[in-house]
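Report on the structure given below.
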Amino acid sequence: MQFMLLFSRQGKLRLQKWYVPLSDKEKKKITRELVQTVLARKPKMCSFLEWRDLKIVYKRYASLYFCCAIEDQDNELITLEIIHRYVELLDKYFGSVCELDIIFNFEKAYFILDEFLLGGEVQETSKKNVLKAIEQADLLQEFQEVLGVPRNPSPDSLSHVMNILMSQCTK
Amino acid sequence: MSDIVEKTLTALPGLFLQTPGAGGPAAARAPFSSRLGGLIRGITALTSKHEEEKLIQQELSNLKAAVSAPTTTLKMMKECMVRLIYCEMLGYDASFGYIHAIKLAQQGNLLEKRVGYLAVSLFLHESHELLLLLVNTVVKDLQSTNLVEVCMALTIVSQIFPQEMIPAVLPLIEDKLQHSKEIIRRKAVLALYKFHLIAPNQVQHIHVKFRKALCDRDVGVMAASLHIYHRMIKENSSGYKDLTGSFVTILKQVVGGKLPVDFNYHSVPAPWLQIQLLRILRLLGKDDQRTSELMYDVLDESLRRAELNHNVTYAILFECVHTVYSIYPKSELLEKAAKCIGKFVLSPKINLKYLGLKALTYVIQQDPTLALQHQMTIIECLDHPDPIIKRETLELLYRITNAQNITVIVQKMLEYLHQSKEEYIIVNLVGKIAELAEKYAPDNAWFIQTMNAVFSVGGDVMHPDIPNNFLRLLAEGFDDETENQQLRLYAVQSYLTLLDVENVFYPQRFLQVMSWVLGEYSYLIDKETPEEVITKLYKLLMNDSISSETKAWLIAAVTKLTPQAQSSNIVERLIQEFTVSLDTCLRQHAFELKHLHENAELMKSLLPVNKSCEDMVVDASLSFLDSHVAEELSQGAAPYKPHHQRQEEKLSQEKVLNFEPYGLSSSSSGFTGRQSPAGISLGSDISGNSAETGLKETSSLKLEGIQKLWGKEGYLPKKESKTGEETEAPPIPQESVIENVDQTITKKDPSQLLTQSKEEKEKQLLASSLFVGLGSESTVNLLGKADTTSHKFRRKSKVKETKSGETAIAHNMTRSSFSSPTNVTYEEDYYLDNLRDRRDKELNDFTLSAELLDSESLTDLPLVEKLSNCRPSTPSLFADDNMEVFHPPQSTTASLANEISLASLLEETTEHMHSDLMEVCNNDTMSLSSYKIWKDDCLLMVWLVSNKSGLELEGVNLEIAPAENFKITEQPGCCLPITEAENTKNFQYRVQMEKPFTEGTLSGFINYQVMNTHAVQLEFSVNLSLLDFIRPLNISTEDFGKLWLSFANDVKQNVKMSESQAALPSALKTLQQKLRLHVVDIIGSEGLLACQLLPSIPCLLHFRVHGDVLVLWFRSSCSTLPDYLLYQCQKVMEGS
């Protein structure tokens, strides 16, 4: 996969992940063109687009468009399922996700994406495993906030705790 | 410390009780009533883009102040980062925060670090310089005992990491492959995958570990390793054939549902894994029957199992079908796969239909009948409201185009072209139309009109090859000359009509094509005089909307037409107009025209009619100025120094130490040109190239070669064909048409049946015109489409193939004539000579390419030439260089004599290279042949006198006339008192060159007496070229560098190479072979060569390959030698 974009029906970008090195200018240009093209398509049309030498696979969930760019020999249908799996993950994590969740917690959405896709390839296909990895990190956050762990604690003690936590979670 | 642990453990149950669904959002939403929330709300409340911009700029300046303030805590920094990411997503520049993101990743605690890493991965790209600052942090985190930190470090490494810093983390990541946690192992594998992508050489040594990852007990790790394998197998499938069994077993297990239920996706077992495995099997089984056989079973099972009606099963099916068609074919599987394609194509779901069309384009060349089966669907898709479907259908049609359906298909393509606005599509489609038109055009009018449409729509965005190819095709023509003229005439007519239309703007490229064609071929038309054409061109020239480049083309056309025109009023007006033009280029052209116009005779000879294909001979060394230069020099003028040399000297005067031995180069050689040829390293360049080729490989689907594997005897569905091509009736299997029509009709409302059927009829008609020539009868033709179909407009450049055919024949013929050496007639002899020469050339080429593999031999003497020249005894039978004045040999040649002589000279020949024996003169009694031996210190000319008569010859004497440029030394024994009957004697002369020159003639005479009769004298001459006196100069790279600086005479020139040589090795080969240069060193795309002109004038050559241009740079101590060598080089590079 070359990149993934999430944008709203109004054409506002909500999330962008680039797996190929491109300049900011190019990214902006691509985003602008793609958002325009995708928004112009009618609902009955197919979910694939040929754009330059790439294939664009997009799907709309409520007010949000998910849009992936793949190469020509990649499988379009499975890319649709990648999008769907990502939505499922978001849904599970946020609990019936809506656009606002992603707007206000976009960094979480990024964290989930990074556990699911890494470097443009599917990293983990098991929903359980992806969420487990995210929860581990979130648990740490709560753990720190709840217990008021002192800043810069001695690394040994903290990492020990964390490892215990991790082993609990991954079991 | 234990306190904390205890507290944590007691808190744990509570934490776990919260389901992520309920707990997650609550936890996530709460703290964000903060400043990010405020910002977002602020933005949504705004109404105009302008207000948003103002707000964000304000926010950014606040953030800028905040991140650089010393009082900002890391926690606040984390918050700032999130806002920065948001601003940047909205399209505003937040680059001031990049360094702080890196700092945050470095210094923060886990959570801050996490945001820091995220910000880095979003802000920076692989080659960003700041990324280097992250390396230390990554190394530290990889060594951390905290798993979360290790995970984060691995995640960032798999996303962006500077290529040159890989060695710093590689051992750490390798260690992680043995980690007890699967998530760490998995991420480590993916990090290595990333490294493999950006620097494959650096991870080569851990291939064994990849195998271990493939056998990992965790499915996730195994699946991750498949990414690497897919990649590696794509690059080199033969190296991993032994793994086929493993992949098949894994796939079997997956398909059989042996994996944990976790990996199911909508109750389909691990679809991603299945697809990846199918892809790998596809690569492994391609063109390999034995490997393919291993996978038939599992493919069959996959096809069978994937029957659930869900998208993801279709995704697997699609991949499966693709694999079945790519590997070595098995008819049962193919049948099943074809059925699957049917499911896709006939599906009401538009996405599946699209994929069905895509699958058809993959398989259509193997199995054109599939297109017939689905023709009605394809016709429907052609008018589909979704342009993407239409586009894919056209792609499909493009692949089944043949001479019979071309007009319909191209018409459909043009229709689509007129509707589309996107540049990429236009470029792509225009290219395809041009290609098809060139291949299958039914007639001239159609071809020209289609190309007109291409040019007017494709205009200035299309690939420049299209107009170039078109013009070349017009100029070079094809086999039939009258056909050529008609095509040209038609083009001229059509352009003149187009130009008559008022107020139409054509793209610049189109105008350029027009002006060239009109300039060259207007003479063909009777109706309009050259004056009228010129008037039209002039009108265009006066048009302001036309670019100056096009104007240059127009003036060139006018210039060509001027000598044909009777009156020249307009030309004069044009000259007047443009000699004062502000555009220097146009002014130059106008002045050229003006001066040529004043000299009508010169103009006519310079611009002959219909000679565009004939090459003009250009003396690049400007040798015709030699006398003038000599005169000037003798009068004390300073010798000419090229620009770069002057600059170099100027520089060396200014500086005490000159570190740039070459000085500034004036050419386009750029960076490398400035370095000394003696020490350039292009390491980074090489790896860059490899990355690029890697990219190239991925970007296209490899469909070539499928046909070959899939021969005529392969799978052909059992549809019988009843069609003959001679009738106009659609050559489609009737049953299938009816079947399809039935299907479509029954679906329609009966009340509309009447009108519908009319429509249907139209569609059928369309179908019959589209799928004509696709019946199974012509299937065979189509299978061989790529190579057998003769292009309608075939270019002439394909002589080579026929040549190799001829040489094969020649080979046989020479063989056979060797076995029966009597009575070889003159014609045969001549023919054979010709062929043999050609064969030798071929042979040379052949061994040449073979030798390329062995790069070591590059530095040696040209072995190949030696080999091909050292053909013992037999060739001399026909030895006669047809380039010389050809003396028809007598029917009884003095073969015997020659053989003897050759035997006696064998010692000589084994030691040195020598040329073929060639007869220089003969008569009834004797024949004189000569050959050259290129000795290390001189050229040794050997003349062989063979006595053909049965009588003794007396006083045989050979004399060589003294020649201007040669020093000739006679070897002893040049006057032979008696030559016995049927014997051969030889004379040897050492020849040395005194002054460089390109070519000279050595002439002389031989006289003898036959048994007391009068003396007979025969004259002869031999051509000597500069190359006969060039020897390789064996020096080291350092010596080269020193010598280079010491020489003052240099010549630099760009030479265009013929296609076959457009690569460094072959260019180098040619130079080494043909010019006898010594290869001193090869550095990247540059080469250093050295040679000497006997007796000892060195000449150095530095050359660089730049695309298909060879930049040659000679230096020598002799002033004229570089010029001559350059000339030879050009001859060699362009000639062959």
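The values are calculated or read from the model by the stated rules, or taken from the named source; none is laboratory data. Given the structure is predicted, the values throughout are model-derived calculations rather than measurements. Positions of Cβ are generated from backbone atoms using ideal geometry, with glycine treated the same way; all protein chains shown enter the neighbour counts.
Report, by residue number, each residue of region B:302-353 that is more than 22 Å from B:Leu284 (Cα to Cα), in a loop (DSSP other than H, G, I, E, B) and of a type in the set (D, E, K, R). Once the filter is applied, which keeps residues that are more than 22 Å from B:Leu284 (Cα to Cα), in a loop (DSSP other than H, G, I, E, B) and of a type in the set (D, E, K, R), region B:302-353 yields B:Glu307, B:Lys349.
The set of residues from region A:75-122 being of a type in the set (A, V, I, L, M, F, W, C) and touching a Gly at 6+ places or on another chain (Cβ under 9 Å) comprises A:Phe94, A:Phe104.
Residue selection: B:Val148 fails the criterion of being assigned to a helix (DSSP H, G or I), modelled with pLDDT of 90 or more and either crowded, with 21+ Cβ neighbours inside 10 Å or more than 8 Å from chain A (Cβ to nearest Cβ) (or both). Listed conditions (1) more than 12 Å from the chain's Cα centre (by Cα); (2) within 11 Å of chain B (Cβ to nearest Cβ); (3) in a strand (DSSP E or B); (4) buried (at least 22 other Cβ atoms within 10 Å of the Cβ) are all met by A:Glu50, apart from (4). Restricting B:Lys75, B:Lys103 to residues that are part of a helix (DSSP H, G or I) and at the interface with chain A (Cβ under 9 Å from one of its Cβ atoms) narrows the list to B:Lys75.
Being more than 9 Å from chain B (Cβ to nearest Cβ), under 29 Å from B:His230 (Cβ atoms), among the polar types (S, T, N, Q) and in contact with a strand residue (DSSP E or B) (Cβ under 6 Å, 6 or more places away or on another chain): is that true of A:Gln2 here? Walk me through it before giving the result.
Details: more than 9 Å from chain B (Cβ to nearest Cβ): yes; under 29 Å from B:His230 (Cβ atoms): yes; among the polar types (S, T, N, Q): yes; in contact with a strand residue (DSSP E or B) (Cβ under 6 Å, 6 or more places away or on another chain): yes.
Yes; evaluated as a whole, the condition is true for this residue.
Across region B:265-294, the number of residues qualifying as within 14 Å of another protein chain (Cβ to nearest Cβ), surrounded by fewer than 20 Cβ atoms within 10 Å (Cβ to Cβ) and either touching a residue at least 60 places away in the same chain (Cβ under 8 Å) or in contact with a His (Cβ under 7 Å, 6 or more places away or on another chain) (or both) comes to 2.
Under the condition of being part of a loop (DSSP other than H, G, I, E, B), surrounded by 21 or more Cβ atoms within 10 Å (Cβ to Cβ) and either among the basic types (Lys, Arg) or within 35 Å of the chain's Cα centre (by Cα) (or both), the residues counted in region B:365-385 number 3. Across region B:421-462, the number of residues qualifying as within 14 Å of chain A (Cβ to nearest Cβ) and either touching a helix residue (DSSP H, G or I) at 6+ places or on another chain (Cβ under 6 Å) or not in a loop (DSSP other than H, G, I, E, B) (or both) comes to 10.
When the residues of region B:393-409 are filtered to those that are of a type in the set (Ser, Thr, Tyr) and under 28 Å from the mean Cα position of the chain (by Cα), the one that is surrounded by the most Cβ atoms within 10 Å (Cβ to Cβ) is B:Thr401.
Output the residues belonging to region B:476-516 that are surrounded by 12 or more Cβ atoms within 10 Å (Cβ to Cβ) and β-branched (Val, Ile, Thr). Steps first, please.
Start the filter on region B:476-516 by keeping residues that are surrounded by 12 or more Cβ atoms within 10 Å (Cβ to Cβ), which leaves B:476-478, B:483-496, B:498-499, B:505-516.
Matches in region B:476-516: B:Val492, B:Val513.
Mind counting the residues in region B:107-143 that are more than 44 Å from the chain's Cα centre (by Cα) and surrounded by 15 or more Cβ atoms within 10 Å (Cβ to Cβ)? Lay out the reasoning, then the answer.
First, the residues of region B:107-143 that are more than 44 Å from the chain's Cα centre (by Cα): B:107-115, B:140-141, B:143.
Within this subset, residues satisfying the condition of being surrounded by 15 or more Cβ atoms within 10 Å (Cβ to Cβ) are B:108-115, B:141.
The total comes to 9.
Taking (1) crowded, with 19+ Cβ neighbours inside 10 Å; (2) at pLDDT below 85 in turn, B:His207 satisfies each apart from (1). Among the residues making up region B:381-401, those that are within 14 Å of another protein chain (Cβ to nearest Cβ) and under 20 Å from B:Lys421 (Cβ atoms) are B:His384, B:Pro385, B:Asp386, B:Pro387, B:Ile388, B:Ile389, B:Lys390, B:Arg391, B:Glu392, B:Thr393, B:Leu394, B:Glu395.
Every condition in (1) modelled with pLDDT under 80; (2) exposed (fewer than 14 other Cβ atoms within 10 Å of the Cβ); (3) within 29 Å of B:Lys1131 (Cβ to Cβ); (4) in contact with a Pro (Cβ under 8 Å, 6 or more places away or on another chain) is met by B:Cys613 except one, and the failing one is (4). Of all residues in region B:210-220, those satisfying the criterion of being outside any loop (DSSP other than H, G, I, E, B) and more than 10 Å from chain A (Cβ to nearest Cβ) are B:Phe210, B:Arg211, B:Lys212, B:Ala213, B:Leu214.
Among the conditions (1) at pLDDT 85 or above; (2) within 13 Å of another protein chain (Cβ to nearest Cβ); (3) assigned to a helix (DSSP H, G or I), B:Asp262 misses just one, which is (1). Residue pairs whose Cβ atoms lie under 6 Å apart, sitting 6 or more positions apart in sequence or on different chains, and linking a residue in region B:54-78 that is in the same structural domain as B:Gly97 (by the TED database) to a partner that is β-branched (Val, Ile, Thr), are B:Ala66/B:Thr72; B:Lys78/B:Val115.
Taking the residues in region A:53-91 that are assigned to a loop (DSSP other than H, G, I, E, B) and more than 9 Å from chain B (Cβ to nearest Cβ) as candidates, determine which candidate is farthest from B:Leu317 (Cα to Cα). Can you show your working first?
Step one: filter region A:53-91 for residues assigned to a loop (DSSP other than H, G, I, E, B), giving A:53, A:62-63, A:71-75.
Narrowing the set further to residues that are more than 9 Å from chain B (Cβ to nearest Cβ) leaves A:62-63, A:74.
Values: A:Ala62: 29, A:Ser63: 31, A:Asp74: 14 Å.
Ranking the qualifying residues of region A:53-91, first place goes to A:Ser63.
A residue that is of a type in the set (A, V, I, L, M), within 49 Å of the chain's Cα centre (by Cα) and at pLDDT 75 or above can be found somewhere in region B:925-936.
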